[in-house]
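A.B. asks: Have a look at this one.
Values quoted throughout were computed directly from the atomic coordinates according to the rules given, and no laboratory measurement underlies them. In this text, all values refer to a predicted model and were calculated from it rather than measured experimentally. Cβ coordinates were reconstructed from backbone atoms using ideal geometry, including for glycine residues, and neighbour counts include every protein chain displayed.
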Amino acid sequence: MYQVLEDVVPYLPQNKPTYLMGVGTPENILEAVDRGVDFFDCVLPSRNGRHAHVYTSAGKLNLMNAKHKTDDSPIDPKCDCPACRRYSRAYIHHLFKAKEMLAMRLCVLHNLHFYNTMMEEIRLALDEDRFPEYKKQKLEDFKISGK
């Protein structure tokens with residue numbers, strides 16, 4: 001995908017936005033922006049949220065994992081979405097185990113907030129001419145949680 005973007009985007013009209021459909025991991029978005037893509041459309045944040053997968057400043061979490069059963073921290077301590085302000089990982093884990101719809105709603109809400117915030121940060125980094133540094137830091141932060 002990245003090679004195709006590198007090969008195609010330079011030939012697209014510069015005065016029109018470049019759209020990439022169906023691409024949605026934070027890493028993919030950062031790489032695509034770096035290659036000239038302006039906007040995206042993907043179901044990943046909502047689909048993953050419905051399955052207890054949430055995106056955080058330190059990478060992706062699966063709130064169904066047993067380690068979250070007693071974790072009183074928010075989904076992402078750096079996030080100010082309503083789910084993170086009001087509910088713990090343990091509570092959301094419990095909701096999923098109890099098959100309560102609220103679990104899915106909270107995770108989708110969080111993921112959409114995460115993506116909107118990341119896109120705001122990307123726009124600001126581009127405006128301030130510091131996107132390469134922003135991208136590098138964001139990718140490093142995501143890798144930390146993958147260990």
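A.B. asks: Between R86 and N116, take the C-beta separation as r, use R0 = 22 Å, and let me know the FRET efficiency to the nearest 0.05. Walk me through the intermediate numbers first.
C.D. replies: Numbers: r = 18 Å, r/R0 = 0.83.
It comes to 0.75.
A.B. asks: Quick one: E6, E27, E140, fewest Cβ neighbours within 10 Å first, how do they rank? The partial results should precede the final answer.
C.D. replies: Numbers: E6 12, E27 15, E140 9.
The fewest-first ordering by Cβ neighbours comes to E140, E6, E27.
A.B. asks: Please compute the net charge surrounding R35, taking Lys and Arg as +1 and Asp and Glu as -1 over other residues with Cβ under 12 Å from its Cβ.
C.D. replies: On the way: positive: K135; negative: E6, D7, E31, D34, D38.
It works out to a net charge of -4.
A.B. asks: Now for a different question. Using a simple spin-label model with points 7 Å from Cα along the Cα→Cβ vector, what separation in nm is obtained for V43 and A58?
C.D. replies: Label at V43, label at A58, 3.2 nm between them.
A.B. asks: Now, a different point. Out of segment 41-95, which trypsin sites (Lys or Arg not before Pro) are coil in DSSP terms and have no more than 14 other C-beta atoms within 10 Å? Please list the in-between numbers first.
C.D. replies: Details: sites: R47, R50, K60, K67, K69, K78, R85, R86, R89; in loops: K69, K78.
Passing both the DSSP loop test and the Cβ count: K69, K78.
A.B. asks: Can you tell me what percent of all Cα-Cα pairs in segment 43-145 are more than 15 Å apart? Write out the running numbers ahead of the final one.
C.D. replies: Working: 3239 of 5253 pairs.
When all Cα pairs of segment 43-145 are counted, 62 percent exceed 15 Å.
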